[in-house]
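Everything below concerns the one structure shown next.
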Amino acid sequence: MIRKLIVLLLIGLFSAALVLGIGAWKYASALKQPLKLTQEQLLDVPTGATPTGTFNRLENEGVIDGAFWLRLYWRLNLDGQPLHSGEYRMTPGMTAQDLIGLWQRGEVVQYSLTLVEGWNFRQVRSALARHDKIVQSLSGLSDSEVMDKLGHPGVFPEGRFFPDTYRFVRGMSDVELLKKAYNRLDDVLAQEWSKRAADAPYTDPYQALIMASLVEKETGVPEERAQIAGVFVRRLKIGMQLQTDPTVIYGLGERYNGKLTRAHLKEANPYNTYMIAGLPPTPIAMVGREAIHAALNPAPGSSLYFVARGDGSHIFSDDLDAHNAAVREFQLKRRADYRSSPAPAVKPLDEVTPPADAPVEPAPDTAAPQSPQ
């Protein structure tokens, strides 16, 4: 009897060992199995998905075998660890264990959207709407309704977003990305405001932001930002009109067709700095940190005018005679890529009086993205 019990016990132990051995082999095989893929594939893991459900789904799709053993592995080794939502890149040759490693590290596929210095809000919205990985929720809304959704009712959107490359995972909404850009601009503006020159002529950071947008649109060579800001600030301090073409172009909106005429310069609107005194009421474009810094720390000097050479750089002049000489030399030989510059406080060229619909010096097309300077 005892001998039979011992034999039965040994058989039981042997069976158990055999089962455990087979289980261990299945367990290891399930982890080491290569994914059944012939080309790269993205695995979309939605919010709230579980490892159990995802393993079952992959097995149903024929990507893996042995979902049971993989679920067991997760329970024994990674119990309590969340499965981050997003897209995971699966490639031929990758094993199930490699995929689990991606899940552990949360290595989801990232996308990016670049908001460019000098863009206006219309261009920002267009770029967001074209990105197929961003969840669209702003289509058909007015700009003011967009700002309501961002939690900033009554705020004018122009210039209130920071130009940068924003990385995100599939499923981020346009609202979430704009909130990031809005908060980033607030942070940068506050940092630069705290380092402003003692004699900076602004009553609040928003005025500096407006000035920075003018500097951004007029700058073709990065090292000239502070000089251009200096010209504008000196004009402000002595009550001289800023007379900068990008503000006129912005005021024209979608009516601007790439040609700025003298009739446009005489058109009354709040943004026409040939007609108004001081700054326009709002920024006219997005600005980078460098433009904000330049607006708050303008270069010292005595120049009140500048004219584009045609290569992005400018000639700076202290008086009207020197400026008109520079205009004759460079503006009248303008090229297709000629950039705008502030006009003198009197008639831009006393020697030339073209008809009202004649084009003046070309300025950057605000409907086309400006390259980061």
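Laboratory data are not the source of any read-out in this text; all were calculated from the coordinates shown. These figures come from a predicted structure and were not determined experimentally. Positions of Cβ are generated from backbone atoms using ideal geometry, with glycine treated the same way; all protein chains shown enter the neighbour counts.
What the table shows:
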{"read-out": "Spin-label proximity, ARG167 to the stretch 63-89 - amide N less than 16 Å from point 7 Å beyond Cα toward beta carbon", "value": "86-89"}
{"read-out": "Charge context of GLU107, other residues only, Cβ under 14 angstrom, K/R +1, D/E -1", "value": "+2"}
{"read-out": "Pair LEU141, THR95: separation of 7 Å Cα→Cβ label points (nm)", "value": "4.8"}
{"read-out": "PHE68/SER126 FRET efficiency (R0 41 Å; Cβ-Cβ; nearest 0.05)", "value": "0.25"}
{"read-out": "Backbone HN-Hα couplings from phi across the stretch 30-46 [Karplus 6.51/-1.76/1.60, Hz, Gly and Pro as x]", "value": "5, 5, 8, 5, x, 5, 7, 10, 10, 8, 4, 9, 9, 9, 8, 10, x"}
{"read-out": "Over the stretch 201-333 - Rg/Rh using Cα atoms and the Kirkwood inverse-distance radius", "value": "0.94"}
{"read-out": "Amide H partners (placed H, <5 Å) of TYR305, local residues excluded", "value": "SER317"}
{"read-out": "5 angstrom amide H check on THR95, placed H, neighbours 5+ away", "value": "LEU35"}
{"read-out": "Residues listed by number, the stretch 210-242, amide nitrogen under 12 Å from ALA200 label point at 7 Å toward C-beta", "value": "210-212"}
{"read-out": "Positive minus negative residues near ALA200 (Lys, Arg vs Asp, Glu; Cβ under 14 Å)", "value": "+1"}
{"read-out": "Å³ per residue enclosed by the Cα convex hull of the stretch 110-189", "value": "84"}
{"read-out": "Backbone HN-Hα couplings from phi across the stretch 75-85 [Karplus 6.51/-1.76/1.60, Hz, Gly and Pro as x]", "value": "5, 7, 10, 10, 4, x, 7, x, 9, 5, 6"}
{"read-out": "Distance violations [Cα-Cα > 24 Å] among LYS133/LYS180; LYS36/LYS133; LYS237/LYS259; LYS133/LYS179; LYS217/LYS237; LYS133/LYS217", "value": "LYS36/LYS133; LYS237/LYS259; LYS133/LYS217"}
{"read-out": "Estimated translational D of the stretch 26-105 in µm²/s (Stokes, Kirkwood radius over Cα pairs; 10 °C; 1.306 mPa s)", "value": "127"}
{"read-out": "Estimated inter-spin distance, HIS152 and ASP186, nm [label 7 Å along Cα→Cβ]", "value": "0.8"}
